[in-house]
1. Spot the failing condition for C:GLY70; the list is (1) touching a residue at least 24 places away in the same chain (Cβ under 8 Å); (2) more than 25 Å from C:PHE194 (Cβ to Cβ), and only one is missed.
2. Considering only residues that are in contact with a strand residue (DSSP E or B) (Cβ under 9 Å, 6 or more places away or on another chain) and not in a loop (DSSP other than H, G, I, E, B), which ones fall in the range B:266-281?
3. Among the residues of the range B:93-142, write down those that are more than 32 Å from the chain's Cα centre (by Cα) and among the aromatic types (Phe, Trp, Tyr).
4. Just need a number here: residues in the range C:177-209 that are closer than 26 Å to C:ILE130 by Cβ and within 14 Å of chain A (Cβ to nearest Cβ).
5. Given B:ALA419, B:ALA460, which one is touching a residue at least 60 places away in the same chain (Cβ under 8 Å), outside the structural domain of B:LEU280 (by TED's automatic domain parsing) and either over 23 Å from A:ARG154 (Cα atoms) or in a helix (DSSP H, G or I) (or both)?
6. Here are some conditions: (1) surrounded by fewer than 17 Cβ atoms within 10 Å (Cβ to Cβ); (2) under 17 Å from A:LEU159 (Cα atoms). B:GLU474 meets all but one. Which one does it not meet?
7. Would you please name the residue that is farthest from the other protein chains (Cβ to nearest Cβ), looking only at residues in the range B:274-325 that are small (Gly, Ala, Ser) and over 29 Å from A:TYR75 (Cβ atoms)?
Amino acid sequence: MDKPTSTPAPGKLRLGRYLRSFAGILAGLFLLWRLYTALIVDQQFGADTWVRFALSGLILGGMYALIAIGYTLVYGIMFMINFAHGEVMMLGAFGCFFTFEALRFIPAPTLAIPDLNFLDAHPILSVILAFAVGISVSATAGYFLEKIAYRPLRKAPRLILLITAIGASIFLQNLAMLLFGPQRKNVVNPELLDRGAGWTVIVSGNPVLISYTGIFSLVLSAVLMIGLYVLVQRTKLGRAMRAVALDKNTASLMGVDVDNVISKTFIISGALAGAAGVMWAIHMGLVNHYTGFLPGIKAFTAAVMGGIGNIPGAMLGGMLLGVIEAVGPAALGIDFQLKDVIAFSILVLVLIVRPSGILGEKLSEEKL
Amino acid sequence: MKAAVDKGLRTGVIFGIVIVVMFLIGFTVTGAELVGKLFGVSTPSNTMPSLSFFALFMILMGTWTGTIAAQHPLVEADTWKRALTAGISAGAFSGLLAAVIGFLFGGLNSSKIDPRTYLPSISPESIKMFLFGQTSLVGSLMIFALLTFSALAGASLSYFLRSNNGLKSGTSAATNSISAVMRSERMTSLLQNKYARYVMMLVFAAILLILPRTWGSYWNYVFGTVGIYIILGLGLNIITGWAGQLVIGYVAFFAVGAYTFSLLTAPEPHHLMLNFWVALGLGVLAAGISGLLIGLPILNLRGDYLAIVTLGFAEIIRIMLKSDLMTAYTAGPRGIRDIAGPTLFGKSFISDVDFMYLIIIAVLVVTFLANRLQNSRTGKAWYAINLDETVARATGINAFASKLLALSLSAAVAGLAGALFASRNQFTGPDDHALMVSINVICLVIVGGIGNIPGIFLGAFALKGLPEILRETESYRLLIFGVLLIVMMRLRPEGFLPAKRPKLEKNSGKEA
Amino acid sequence: MSTCIETKQVSKIFGGLTAVNTVDVVVTENIIASIIGPNGAGKTTLFNCISGYYTPEHGQIEFYGMPIQGQPTYAVATMGIARTYQNIRLFGDMTAIENIMVGQYPRFKAGWVDAVLSTRRERDEEKQSIEESVRLLKFVGLAGLGDSLARNLPYGAQRRLEIARALANKPRLLLLDEPTAGMNPQETGKMTHFIRSLRDELGITILLIEHDMRVVMDISDQITVLDYGTKIAEGKPKEIQSNQRVIEAYLGPDVTSLTKKYQLRKKQRYDAKS
C-alpha cells in the first residue's frame, strides 16, 4: 500500500482567515480616510444638513427594518431567501396608491368647501384605510406565494427554491408592469399629510423640516417593530415560530402545525412589508412596478448585516443601513449618484469580513 | 359527485383568474393575434385581431380548463358523468368570473370612462373584443357560454382519450416527446455508428458555412445573439449547473470581459488600440481573475451567499459604470464606441457574415471545452459537490479549490461572450450590462436543461430565437419567463432536456 | 505491528454537552476494531473527529504516527482514511460506477487542463479509473449494475456501493458506520464475511460501529465500549461479554441486582422441585 502522503501544506484555507480580517482593516482605513477628508478637511455641509440627512436616514431605515424583518423571518423558518419579498412590498405600495385614488373621487362636500373629496375631508380615516388595504394585499400576496410556489418544494434542494423565488419575483414585477403600466405613479396624499408640511426646527441658523409623513412613518415603524418583537417573544404563535425555526421535525412532534406556522410567518412578513410599502408611497410619493426591487435588495443587505435569522439584528441592520445610505455619500465625499453602491458595497464587505452579521447568525450545525 | 364539482370549482376559479388577468394585461388581444398567426393571418399593428380568432383563443382556454378539471381523480371512480360534471362546473365558474369582469368593463365603456389611466393595457377596443362586439349583457353571457361549453368539450375529449388510449396529459406528452426523440434507441445507435457520425458532421458543417451567407444580416444578428447566449449559458452551467452554486450576478463577468476588451481597443478614452485577439484574450483573462477574486472570500460560506454577492457586485459595476465618477476611465454613461472588429492577418473581417463565423467557431470551442470538462475527473468532482458537499469533501475533494476553479472558468467564459458582444455591436455601455442579462441566462439554463449541454442550446434558441418569431409576445416575455421558472421548478426541475449520466460500464468493454 | 490509528485523550464538546470525553483508543493495523455502546454514546462523533469533520476540543488523533486532528476532511481522506455512513449517503443522481470513480479522486492527478487538452495523462487515468471501478463493482458483487443511478439501487446494493466507493480510495483505514443496519440475517452473514475479507485480503484496518452484537462478537479483534462519551471497557470479545459495566450500560444499572435475584429464585425453584 502507498505510504501516507505528508500533511498538506497550509493552503488558501488557512490564509483565508487572515485575508478576511485584512480586508476588513483595509476597508476600515479607507472609510476613515474618506470621512476625514469630507468632515474635517472639506467641511462642505453645515450641521443643519447633517440633521436633515440623519432624519431622512432614520425614516428610510425604519422602512428597511420592516422589510428586513420579513426576510429574516422567512430565512429563519425555511432557510431560503425570499427574493419576491421586495415585490410584496411593492404591492402594498400600490394598494395605498389605489386607495388614495379611489378616495379622491368620492365627493364629501361641506358647506365651506363644496368640492371637497373624501381623502382630504377625512385624512386620518383615509390613511387607516390605506394601511388596511396595503397590509391586506401584501399579506395575501405573501400567503399565496408560499402556498403556490414554495410549499410544494419544501423538500427540494435549495437551488430549486431559490430559482422559484427568482421566478416569482420576475413574475410579480412584470405582472405589475403589465397591469399598471411602467410609468411611475404620483401618490397624492391627503392635504393634512402633504409632503412638504411639517414642523420646522432651526439648527445652526438654518431651518430643518421635520415632515409629518416622516415622523409618522418613523413612529409607526417603531410601533410595528415593538409589536413584532412582543409577538415573537411572548405569544404562543411566536413560540411556535421559534420552535419551527430551530427544528422543524421536533416542533411537529411536539404538536406544532408546521404548515400553519409557516403560512402565518409569510403572512406576517408580508404584512410588515405591506406597511413599509404604504409608508413608502406616502413618504416618497412615487410608485411603480420597480419600486420594490432596490429596497428589497437593500433590506436583505440589512438583514445580513444584522445577522440573518436574527430579528433584532434585522431591525438594527435596517436602521443602520438607512442612516448610512442617507449620510454616507456626503460623509464619504462620494457622488450622490453612487448612493446605491454604498448598500451593495456594505453587503459585499459584510459577507467578506463578518458573514455572521453584527448580532450573529443563528446556524444549526449540519448533522452527519 | 360533490368532489367533482369541487374540483371543477377550484380549476374554474384558477382559470377564471388567469383569463381575467390576461384580459387586464392585454394578453387576450395578443393571444388572438397568435391564433391568427397560426392560420397565417398577421394582424397589422394598431388594429384588433379578428373576433373569430379571439373566440378560438377563448375556446382553447376553455378546453384546457375542462381537460384539467376532468383529470383522473384519486378518490372517486373515473366515470364519464364525473368527468363531465367537473368539466362543466369548471367552465361555468371560469365563465362566471370572465363574464363579471366583462360586464363591469363593458359598463365602463358605455359610460365612456377610459380605463387606461389606471390600467394602461386595456383599451376600449380590447373590451369590445372581449364582449364579442356586443352590449355588456349579451357579451358577458356569450363569454360565459363559450367558456362553459368549451370546458365541457375539453372534459369529454380528455375522458374519451383517456378511456381509450391511457393518454395521461397533453402537456407531459409534449415535454417527453422531445427527450424521447433524442434518447430513442435508433437515435443512440445511429449516433454511435462512426460513419453516420462523420456524415452528420459534414452536413452540419456545410449548413454552418452556407447559412450565414444566405439568410441576410437580420438573421445573422439574431442567431449571433443566440450564439453569444449559448456561450453564456455554457459558462453559467459550469458553476450553477454542475457545481450547483447559484450565481445571480453573472452579468458582472460579462461586463468585465466586455469593458476590458473595449477599453483596450477603442480610440477613446484610452487610445490603446491593441490587437483584437490580444484584447480578446486579456478580456477573458480579466474576467476569469475577477471570478477568482470574488470566489476567494465567499466560496466557503453557504451557497446562497455567493448568489447575493454576485448580485451586489454586478449592480456595483453597473452603477459605477453609469456614474460620472469613473468616466475618465470607463467612458461613463455614454459608453464606448468604435470598438475594434476582428482582424485576421491584417485584413479586417467585420462583415456580419464573417462575424457570424467567428461566433460559430467560439460556440464550437466552448462547447468542446464544456464537453471535455463534463465527464472528466474535475467535472465529476463538481457534480459530487453539487449532490452532497460534505461527502464529496470526505472522499478527498478540496471543495473550496474546486468551486473556485468552477467560478473562475465560468467567469472567463462570460468574459469571452462579453468581448464578442462588444466587438459585434462595436459599442458597449452600462445599459448592456443590466441584471436582465443574468436573468436571461439563468432562465435559459434552467428551462433548457440544467447541467446538460444540448439543453442549453435548446434554451438559448427558445429564449432568444423564439421571441423573434413570436414578435407579438415581446412585452410579455419576462412575465412568461417568471411563470416558466415557477412552473418548471415544480413540474420538471431538471429542464426540458434533462442531463443523463454516461454509460461507462457498458462502454468499458468496447474500449478494452 | 505499527499502530494504525490512535486517539489520545480526545474530547469533543458541543456547548454544554460533552459528546466524547477524553477517549483513548489504540488500534494496531490490519485488525477489525469495533466501537460499541448505547445510542448517543458518542460513537459517530468519535468517527467524525477521526475523519476530520469535527475538530476535538482536547486531545490528539494520530494516523500512523502523524497528527490529523483538525485537518480538513479532504486532507484526511487523501491520507488514506475512508468512511461509510449510518444513513447511506451516496451520490444519488450519479451512476454506481461514477460513485466509485469519485471515491478514487485523491489517487489521480488529471486536472482541468488535462481534461480540456485531452492529454496522455487524462486518457490513461480515465482508462485505469474505469477498469479499477469495474473490478471494484465485481468485488462487492455489483457487476452489471454500474450504469444504474445510485438512488435506484436496492438497499443492500447501496450499502455495498458505499463500501466500494470507500475502497476506491485504497484506504489503509476504513471507518464503517453500522454497515449491517437494516439487513436480514443472511445479508448480515454475507456482510460479516465480506468485512473479514477486507482485513485478510486487502490488509485494511477496519474501525466498526455496530449494534448487532452477534456481528461484533463474531468478527472483532478488539472492542471498545463507550457510554455517555466515556470509554468504559476495552478488550477482546469474550472479556467484553462478561464485563459487568458494559452489561449495565446497555440494560440499566439494576440489571446486576435483578440478575442476581433472578438467579436466586431460579435456584430456589430448582431446589423446591427436587
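1. Against the list (1) touching a residue at least 24 places away in the same chain (Cβ under 8 Å); (2) more than 25 Å from C:PHE194 (Cβ to Cβ), C:GLY70 comes up short only on (1).
2. Listed by number, the residues that qualify are B:PHE276, B:TRP277.
3. B:PHE93, B:PHE103, B:PHE105, B:PHE132
4. Residues meeting the conditions: 5.
5. B:ALA460
6. For B:GLU474, the failing item is (2).
7. We begin by selecting, within the range B:274-325, every residue small (Gly, Ala, Ser); these are B:279, B:281, B:283, B:286-288, B:290-291, B:295, B:303, B:307, B:312, B:314, B:323.
Among the residues that remain, those that are also over 29 Å from A:TYR75 (Cβ atoms) are: B:279, B:281, B:283, B:286-288, B:323.
Details: B:ALA279: 23, B:GLY281: 16, B:GLY283: 19, B:ALA286: 19, B:ALA287: 17, B:GLY288: 12, B:SER323: 5 Å.
It comes out as B:ALA279.
Yes/no matrix, rows are residues, columns are (1) touching a strand residue (DSSP E or B) at 6+ places or on another chain (Cβ under 7 Å); (2) more than 14 Å from chain C (Cβ to nearest Cβ); (3) within 27 Å of A:PRO157 (Cα to Cα); (4) at pLDDT 90 or above:
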{"position": "B:TYR329", "(1), (2), (3), (4)": "no, yes, no, no"}
{"position": "B:SER351", "(1), (2), (3), (4)": "no, yes, no, no"}
{"position": "B:ASN375", "(1), (2), (3), (4)": "no, no, yes, no"}
{"position": "B:GLY379", "(1), (2), (3), (4)": "no, no, yes, yes"}
{"position": "B:TYR383", "(1), (2), (3), (4)": "no, no, yes, yes"}
{"position": "B:ASN398", "(1), (2), (3), (4)": "no, no, yes, yes"}
{"position": "B:ALA414", "(1), (2), (3), (4)": "no, yes, yes, yes"}
{"position": "B:SER423", "(1), (2), (3), (4)": "no, yes, no, no"}
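The values are calculated or read from the model by the stated rules, or taken from the named source; none is laboratory data. Since the structure is predicted, the reported quantities are computational estimates derived from the model, not experimental observations. No Cβ is skipped: glycine too gets one built from the backbone with ideal geometry, and neighbour counts run over all protein chains shown.
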